[in-house]
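A.B. asks: Structure provided below as structure tokens; questions to follow.
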Amino acid sequence: MREVQDYTLAGLAEAIEGNYLVISLDFQKFSQACFENERSFSRAFAEEFSREARRMIKEEICGKEGLEALEAVEKTGMNLRELFVVLLDFCERSKKPVVLLIDEVDSASDNQVFLDFLAQLRNSYLDRELKDRAAFQSVILAGVYDVRNIRQKIRGNEEHKVNSPWNIAADFDVDMSFSVEEIAGMLEEYEEDHHTGMDVPKIAGYLYDYTAGYPFLISRLCKLIDKNQENKKQFQKNGTVWTGEGFREAVRLILTEKNPLFDSLSGKLAEYPKLDSMLQTMLFTGKSIAYNPDDPAVDMAAMLGFIRNQDGNAVIANRIFETRLYNWYLSTAEMQEQEMYKASLLDKNQFVVEGHLNMRRVLEKFVEHFSSIYHDREISFLEEEGRKYFLLYLRPIINGAGNYYIESRTRELRRTDVVVDYHGEQYVIEMKIWRGEEYNRQGREQLIGYLNDYGKNKGYLISFNFNKKKQIGVYERFIGGKMIIEAVV
């Protein structure tokens, strides 16, 4: 993703440099000490600016005086107001309009001196419009999720830190995600060049189902599938890895790899506790959260691409993000200290026979441990935590050889389907809270319909039952020509 951004910025600079003087800076080169105060920032900024200016211009574009003034700032340092006198004088002397391009803005936006610098930029732009003074023709901020993210990072109780230095007059409503048809079009072009024999509509559907059209995820999954062509002979039974099996292997790989996108996502969870709390609520407790853009946590999650608006409710943006988030939370030190996780580690070698996962056995052992560990907990704990502890038990068992995703069947999440992929086999598990026999019957019918969608004759049902007369255990039922293996906890 970083490489794509670099190519984009370089391409933009190349496209406009005939008519503009483009000064490109990268704030990743600035150490924390550079943001200590205005003078240290001005000195570092002037040094990078003048170095880039010397590389980009000839004297006939901007005279020696402009560069000499910048060199003076490098040596002595100035406050921000004095720095801008020099920068705007540089713009006035330049025979081409000056475009300032700053990359990796998010890496600097925790620092108040940088926010004050942005305020100076904005004031200089307004003076250009109102007083016909020289200023930068344009300022391009790259490596920032959204200009609003800068406002989110303005901290403290001081009044001058409350408002963003930017007034945004126009919304940016371009949908950057790909539709199924657009994904299919790209795959068709690839197929024309490589003749893989893939079923283009089917693979396009898989990609969209798991990514909701997120461009980076689509690109990365396709790259991982393509790499399997060379490295995974077992996927070439039909002469191609561009199959459902090859796609699921790519999903498994992307969920276990480190990449800039996932590193950024996990970083935001640590940085914004309210966002972290909201996402855990969405994933584990079954509570519905309204999509309210005035809620700071919802606004932040939407801006970062974690969630989307679905019928007025906030939902996780796509299956890949959802599963990655589940894995993140279930892998914390706190979770791995839970008795259920430790039990799974001890049990995990007994569930796989000749490469096949024995899901019934998984349910039997889960019921055994859950009933033993949590039998004396209050109903409120069981209702909110039951799903979490099943996933916590399941994950070490399939880790490294399979993956799972969550398919919500109702907005209240009272019934939740977990689809497990393990060595090319799929297991459909429905989890629900016991709400009476009629509700239980409806849950079985829902599961049967879902099994029909997947072409499966066997499904699994976990009932979290709070009736004191319940019969804990695992039972087989044949309903509608399907075998339902139901675990009652």
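A.B. asks: Please name all residue pairs, on different chains or six or more residues apart, with Cβ atoms under 7 Å, provided the first residue is in the range 256-271 and is more than 12 Å from Ile320 (Cβ to Cβ) and of a type outside the set (S, T, N, Q) and the second residue is open to solvent by 20 Å² or more (accessible area, probe 1.4 Å) and modelled with pLDDT of 85 or more.
C.D. replies: Correct list of pairs: Leu269/Asp276.
A.B. asks: Taking Trp242 as meeting all but one of (1) at pLDDT 85 or above; (2) under 25 Å from Phe321 (Cα atoms); (3) assigned to a helix (DSSP H, G or I), write down the number of the exception.
C.D. replies: Here Trp242 meets the rest and fails (3).
A.B. asks: Regarding the range 179-186, can at least one residue be identified that is modelled with pLDDT of 90 or more, of a type in the set (Val, Ile, Thr), closer than 27 Å to Val420 by Cβ and open to solvent by 40 Å² or more (accessible area, probe 1.4 Å)? First the steps, then the outcome.
C.D. replies: The first filter runs over the range 179-186 and keeps only residues modelled with pLDDT of 90 or more, leaving 179-186.
In the following step, the residues that additionally are of a type in the set (Val, Ile, Thr) were identified as 180, 183.
Then drop every residue that is not closer than 27 Å to Val420 by Cβ, which leaves 180, 183.
Right, trim to open to solvent by 40 Å² or more (accessible area, probe 1.4 Å) and you get 180.
The answer is yes, given that some residue of the range 179-186 is modelled with pLDDT of 90 or more, of a type in the set (Val, Ile, Thr), closer than 27 Å to Val420 by Cβ and open to solvent by 40 Å² or more (accessible area, probe 1.4 Å).
A.B. asks: Further, regarding this structure: Quick check on the range 71-88. Is at least one of its residues modelled with pLDDT under 85 and either within 16 Å of Gln137 (Cβ to Cβ) or part of a loop (DSSP other than H, G, I, E, B) (or both)?
C.D. replies: Yes.
A.B. asks: For the range 221-239: of the residues being closer than 23 Å to Asn327 by Cα and in contact with a helix residue (DSSP H, G or I) (Cβ under 6 Å, 6 or more places away or on another chain), which is modelled with the highest pLDDT?
C.D. replies: Looking at the filtered set, the residue picked out is Leu221.
A.B. asks: Still on this model: Just give me the residues in the range 30-57 being modelled with pLDDT under 85 and open to solvent by 80 Å² or more (accessible area, probe 1.4 Å), in sequence order.
C.D. replies: Gln32, Arg51, Arg54, Arg55
A.B. asks: What tally of residues in the range 455-489 results from selecting those that are modelled with pLDDT of 80 or more, open to solvent by less than 70 Å² (accessible area, probe 1.4 Å), touching a strand residue (DSSP E or B) at 6+ places or on another chain (Cβ under 7 Å) and not in a strand (DSSP E or B)?
C.D. replies: 2
A.B. asks: Need the failing condition index for Val362 against (1) surrounded by fewer than 16 Cβ atoms within 10 Å (Cβ to Cβ); (2) under 32 Å from the mean Cα position of the chain (by Cα); (3) more than 27 Å from Phe262 (Cα to Cα), just the number.
C.D. replies: Only one criterion is unmet by Val362, namely (1).
A.B. asks: Still on this structure: When residues of the range 400-434 are filtered for being buried (at least 17 other Cβ atoms within 10 Å of the Cβ), modelled with pLDDT under 80 and farther than 20 Å from Leu283 by Cα, how many remain?
C.D. replies: Final tally of qualifying residues: 0.
A.B. asks: Of a type in the set (Ser, Thr, Tyr), closer than 19 Å to Pro260 by Cβ and surrounded by 15 or more Cβ atoms within 10 Å (Cβ to Cβ), is that true of Thr196? So that I can check it myself, show each step before the final result.
C.D. replies: Details: of a type in the set (Ser, Thr, Tyr): yes; closer than 19 Å to Pro260 by Cβ: no; surrounded by 15 or more Cβ atoms within 10 Å (Cβ to Cβ): yes.
Taking the combined requirement at face value, the residue does not satisfy it.
A.B. asks: Related question: Before we move on, is Tyr210 under 14 Å from the mean Cα position of the chain (by Cα), at pLDDT 85 or above and part of a helix (DSSP H, G or I)? Full working, then the answer.
C.D. replies: Numbers: under 14 Å from the mean Cα position of the chain (by Cα): yes; at pLDDT 85 or above: yes; part of a helix (DSSP H, G or I): yes.
When the stated conditions are applied, Tyr210 passes them.
A.B. asks: What number of residues within the range 91-114 are open to solvent by 30 Å² or more (accessible area, probe 1.4 Å) and modelled with pLDDT of 80 or more?
C.D. replies: Residues in the range 91-114 being open to solvent by 30 Å² or more (accessible area, probe 1.4 Å) and modelled with pLDDT of 80 or more: 6 in total.
A.B. asks: A further question on this structure: Return the total of residues in the range 435-453 being open to solvent by 60 Å² or more (accessible area, probe 1.4 Å) and not charged (D, E, K, R).
C.D. replies: Adding up the residues that qualify gives 3.
A.B. asks: If you check every pair at least six apart or on different chains, which have Cβ atoms under 7 Å apart with a residue in the range 351-372 that is in contact (Cβ under 8 Å) with a residue 24 or more places away in the chain and within 19 Å of Tyr404 (Cα to Cα) first and a residue that is open to solvent by less than 10 Å² (accessible area, probe 1.4 Å) and of a type in the set (Gly, Ala, Ser) second?
C.D. replies: So the pair list comes out as Leu363/Ala487; Phe366/Ala487.
A.B. asks: Filter the range 115-165 down to residues that are modelled with pLDDT of 80 or more and hydroxyl-bearing (Ser, Thr, Tyr) and give me whichever is most open to solvent (accessible area, probe 1.4 Å).
C.D. replies: Restricting to residues being modelled with pLDDT of 80 or more and hydroxyl-bearing (Ser, Thr, Tyr), the top hit is Ser138.
The values are calculated or read from the model by the stated rules, or taken from the named source; none is laboratory data. What you see is a predicted model, and the numbers here were worked out from it, not measured in a lab. Cβ atoms come from the backbone with ideal geometry, glycine included; neighbour counts cover every protein chain shown. Side chains are part of the model used for accessible areas, which takes the heavy atoms of the whole protein and leaves out ligands, DNA and RNA. Shrake-Rupley method; radii C 1.70, N 1.55, O 1.52, S 1.80 Å.
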